[in-house]
Every structure is written in structure tokens, then in C-alpha cells.
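K.L.:
Could you have a look at this structure, given as C-alpha cells, before my questions?
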Amino acid sequence: MLKNNITIQDKKIFDKYLQAYDYKTSGLTFTSLFMWKNLNRFKFEIINDYLCISGNSHLEIAEPEPFLFPPLTKTGSYDLNLLSDTIERSRKIFEKEGYLFSIRLLPFHMIELIEGAKPNCMVFYSDRPNYDYVYLSKDLIELRGKKYHSKKNHLNFFKKNYDYKYRVLTPDMADECLQLNRYINQNKEINTNERGLLEMEEEALKEAFSHFNSAGFLGGVILIDNKIQAFTLGGPLGKKAVTVHIEKASPDFRGLYQAINNEFCKHTANTVKFVNREEDMGIPGLRKAKISYRPVKYIEKYIAMFKEDI
């Protein structure tokens, strides 16, 4: 695939591209790319002054399949001729390695750009398991109205029955968070596919803690009896949002999930308009949970392929 591994030293380069255009998707943040770089084999090259990132897709595919993110601009705009050439050069790299070329995690609002660069050449497929769920931070903080009645009940029960503290997540909490993560995962009744995703998630969590501050991660924990029982790990997403990469809470305390969500939003997401809680990966229970928080919108993502390759 592409040549270069992503390292912490590349953050300045990536920030120029990730911050120049409003991609809106959780996957196009440095924190997400960094924590998943090994498991998804993310690599990059700069082609025609566009940042091109390749990786492996694991969802709904028997074998991990290489793909290209939409090429990223550092100027805030795209030259359609250069974008077309960038796509063609990337395609040749894929074909040389023996892989079918596709652009994945393509936000809906960029389809017009890709179609403009390659008119009548590509087909676009909705990728529902990878839609991002976006919420108003104000809604998650206040939990007002009938639609949040159940969430508010669980949160109130937690506050009345447990003596807890909320703290900002720091790198020295890594071991305790990983220990909690393993405890939670061991007590879940899930299928083999979901178990595999959770194992990958733990590796990504370790990667995040390895360069927590320098990569720009955000997070919080809830302590009960001075022991971490819930944590959230996220990062900045443009100027108007934060994204939640991982959220975990012990099943031993009713309302704890509602509490860590609410506290993180109060202390970190209170300065932005939106909270992006990422995708549901096609997992029914996760989809139900994310819908229950009443997203104000979805960031729809698509897969683009050349018609002749289908």
C-alpha cells in the first residue's frame, strides 16, 4: 500500500490537512488515525499536495480489505484535475499490489467532489454501519424533555446512590482503565465477531495511552471509592465538535454509563456545539444505544468504486 507509517512526529503534517477542510467524520481526526494506525495498517503519502491515507477495513468483510480515505486538502479547496490524477495514481498503487481500489469512509458531502473529479466513472454505496452519530452537546448535558426521561432516571439514581468523583483522564490512569476494560469485556455475552472487535479496541486503547498528551486525546473518568469504574476517551473534531472514541462503564453500577457520558459532556464538550459518538459498526445493541440518545444528525459515509471494477 502507501509508503509511510503514521508516527507522533507526523501530527503537525496531519493537522494542516485535517483542519483545513470540514470533513466532519470521526475517522478523519488525528486521535482516531493514531490509535488505530497499527490495527488498520494506516499508511500515507502526499500525492499532488493531497494527503492520501490507506488502511484496512474490518467491518462485514471476511478478510481485511485495503481502501483509501478521500484525499485530504491543506488549502480548504480542491482542484478537480489534480484530484482526478491523485485518485488515478493511488489506484495504480493498489493494482500493483494486487488489490481492488476503493475509497471508503467518504462523507456524503464529498461525493460531489469525487464525482466532479471522475465524472460518470464511479459508483457510490451507502455504508450504514459506519455512519457517525452526532448529538448537540447541550442535549447530552441537560437531558431535557420526555425523550430523555429514561436517561435522566438512570442518572438521578446513580447520583443519589453512589458517592463518586469525576476527574480528567490522564496517562497515569492507563493501567487501571485497561484493567476495567478487560473486566467489562469479560462479562459480556457477545458473538465471535464482536469479541474480535473488542480485542482490537483494547490494542487501540493502549496505543492511545502511549502518546496521550502529544496526540491530543481528551477524556474523563468516574471514581467510586477511589477506583476507576468508568472512562471516556475522545479527541477534538474540527472547531465545533469533539468525538468519543471509547466509552466504558462497569456493569455493577446502575446509571454509570449515563453518568460518564453526562460528566464528560459537562466538563469537556461544553465548549463545542456537537458531540460525535462515532459509528455503531452494525452491532444491533450498539445501534440501539446510540439511537436512544437522539442524534440530531448522522454523518453518512459511502464507499466509492470504479464502475469497471464491479
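The values are calculated or read from the model by the stated rules, or taken from the named source; none is laboratory data. On a predicted model such as this, the values are computed, not experimentally measured, just so you know. Every residue, glycine as well, gets a Cβ built from its backbone with ideal geometry; the counts of neighbours run over all protein chains shown.
K.L.:
Among the residues of segment 36-56, are any in a loop (DSSP other than H, G, I, E, B), within 17 Å of the chain's Cα centre (by Cα), farther than 24 Å from Ser210 by Cα and assigned by TED's automatic domain parsing to the domain that holds Phe108?
P.N.:
Start the filter on segment 36-56 by keeping residues that are in a loop (DSSP other than H, G, I, E, B), which leaves 36-42, 48-49.
Checking the rest, the ones that are also within 17 Å of the chain's Cα centre (by Cα) come to 36-42.
Cutting the leftovers down to farther than 24 Å from Ser210 by Cα gives us none.
No, there is no match, as no residue in segment 36-56 is in a loop (DSSP other than H, G, I, E, B), within 17 Å of the chain's Cα centre (by Cα), farther than 24 Å from Ser210 by Cα and assigned by TED's automatic domain parsing to the domain that holds Phe108.
K.L.:
If you don't mind, another one. Any chance segment 201-214 includes a residue that's assigned to a loop (DSSP other than H, G, I, E, B), within 14 Å of the chain's Cα centre (by Cα), in the same structural domain as Ile141 (by TED's automatic domain parsing) and modelled with pLDDT of 95 or more?
P.N.:
First pass over segment 201-214, keeping only residues assigned to a loop (DSSP other than H, G, I, E, B): 211.
Still in the list and also within 14 Å of the chain's Cα centre (by Cα): none.
Checking segment 201-214: not a single residue is assigned to a loop (DSSP other than H, G, I, E, B), within 14 Å of the chain's Cα centre (by Cα), in the same structural domain as Ile141 (by TED's automatic domain parsing) and modelled with pLDDT of 95 or more.
K.L.:
Something else: Give all pairs with beta carbons closer than 7 Å in which a residue from segment 14-26 that is assigned by TED's automatic domain parsing to the domain that holds Gly76 and on the phi < 0 side of the Ramachandran plot meets a residue that is surrounded by 15 or more Cβ atoms within 10 Å (Cβ to Cβ) and at pLDDT below 95; count only pairs at least 6 apart in sequence or on separate chains.
P.N.:
The qualifying pairs are Asp22/Gly238.
K.L.:
Additional query: Within segment 131-168, can you find the residues that are of a type in the set (A, V, I, L, M) and surrounded by 14 or more Cβ atoms within 10 Å (Cβ to Cβ)? Outline the logic, then answer.
P.N.:
Of all residues in segment 131-168, those of a type in the set (A, V, I, L, M) come to 134, 136, 140-141, 143, 155, 168.
Passing the criteria: Val134, Leu136, Leu140, Ile141, Leu143, Leu155.
K.L.:
Identify, by number, the condition in (1) under 27 Å from Gly238 (Cβ atoms); (2) surrounded by 13 or more Cβ atoms within 10 Å (Cβ to Cβ); (3) not aliphatic (A, V, I, L, M) that Glu112 doesn't meet.
P.N.:
If we test Glu112 against (1) under 27 Å from Gly238 (Cβ atoms); (2) surrounded by 13 or more Cβ atoms within 10 Å (Cβ to Cβ); (3) not aliphatic (A, V, I, L, M), just (2) comes out false.
K.L.:
A follow-up question, please. Return the residues of segment 180-200 that are over 17 Å from the mean Cα position of the chain (by Cα) and more than 28 Å from Leu155 (Cβ to Cβ); say none if nothing qualifies.
P.N.:
Passing the criteria: Asn191, Thr192, Asn193, Arg195, Gly196.
K.L.:
State whether the residues of segment 132-146 include one that is touching a Leu at 6+ places or on another chain (Cβ under 8 Å) and assigned to a helix (DSSP H, G or I). I'd like the intermediate steps shown before the answer.
P.N.:
Quick first cut of segment 132-146, residues touching a Leu at 6+ places or on another chain (Cβ under 8 Å) only: 143.
Right, trim to assigned to a helix (DSSP H, G or I) and you get none.
Checked against the condition, which is being touching a Leu at 6+ places or on another chain (Cβ under 8 Å) and assigned to a helix (DSSP H, G or I), segment 132-146 yields no hits at all.
K.L.:
Pairs under 8 Å by beta carbon, first residue part of a helix (DSSP H, G or I) in segment 67-96, partner among the acidic types (Asp, Glu) and surrounded by fewer than 19 Cβ atoms within 10 Å (Cβ to Cβ), six or more apart or different chains?
P.N.:
Leu82/Asp49
K.L.:
Continuing with this model, one more query. What are the residues in segment 1-47 that are surrounded by 15 or more Cβ atoms within 10 Å (Cβ to Cβ), at pLDDT below 95 and in contact with an Asp or Glu (Cβ under 7 Å, 6 or more places away or on another chain), if any?
P.N.:
Met1, Leu2, Asn38, Leu39
K.L.:
With the requirement that a residue be of a type outside the set (A, V, I, L, M, F, W, C), surrounded by 15 or more Cβ atoms within 10 Å (Cβ to Cβ) and assigned to a loop (DSSP other than H, G, I, E, B), what does segment 115-125 give you?
P.N.:
So the first thing to find is which residues in segment 115-125 are of a type outside the set (A, V, I, L, M, F, W, C), and the list is 115-116, 118-120, 125.
The next check asks that each one be surrounded by 15 or more Cβ atoms within 10 Å (Cβ to Cβ); those that pass are 115, 118.
Matches in segment 115-125: Lys118 only.
K.L.:
Of all residues in segment 48-78, which are surrounded by fewer than 20 Cβ atoms within 10 Å (Cβ to Cβ), within 16 Å of Tyr21 (Cα to Cα) and polar (S, T, N, Q)?
P.N.:
Within segment 48-78, Thr75, Ser77 qualify.
K.L.:
Further question on the same structure: Which condition does Asp85 not pass, out of (1) at pLDDT 95 or above; (2) in contact with a Leu (Cβ under 9 Å, 6 or more places away or on another chain), if it passes all the others?
P.N.:
(2)
K.L.:
Return the residues of segment 209-227 that are aliphatic (A, V, I, L, M) and touching a Leu at 6+ places or on another chain (Cβ under 6 Å); say none if nothing qualifies.
P.N.:
Val221
K.L.:
Out of segment 79-103, which residues are surrounded by 17 or more Cβ atoms within 10 Å (Cβ to Cβ) and closer than 13 Å to Cys52 by Cβ? Show your work before the answer.
P.N.:
The initial filter retains those residues of segment 79-103 that are surrounded by 17 or more Cβ atoms within 10 Å (Cβ to Cβ), namely 83-84, 86-87, 90-91, 93-94, 101-103.
Result: Leu83, Thr86, Ile87, Ser90, Arg91, Ile93, Phe94, Phe101, Ile103.
K.L.:
Can you name every residue in segment 275-310 that is of a type in the set (A, V, I, L, M, F, W, C) and surrounded by fewer than 20 Cβ atoms within 10 Å (Cβ to Cβ)? First the steps, then the outcome.
P.N.:
Taking segment 275-310 and keeping what is of a type in the set (A, V, I, L, M, F, W, C), we get 275, 281, 283, 286, 289, 291, 296, 299, 303-306, 310.
Across segment 275-310, the qualifying residues are Met281, Ile283, Leu286, Ala289, Ile291, Val296, Ile303, Met305, Phe306, Ile310.
K.L.:
Out of Glu247, Glu300, I need the residue that is under 26 Å from Glu65 (Cβ atoms), acidic (Asp, Glu), touching a helix residue (DSSP H, G or I) at 6+ places or on another chain (Cβ under 8 Å) and touching a residue at least 12 places away in the same chain (Cβ under 8 Å). Which one?
P.N.:
Values: Glu247 fails: under 26 Å from Glu65 (Cβ atoms).
Testing whether each residue is under 26 Å from Glu65 (Cβ atoms), acidic (Asp, Glu), touching a helix residue (DSSP H, G or I) at 6+ places or on another chain (Cβ under 8 Å) and touching a residue at least 12 places away in the same chain (Cβ under 8 Å) leaves just Glu300.
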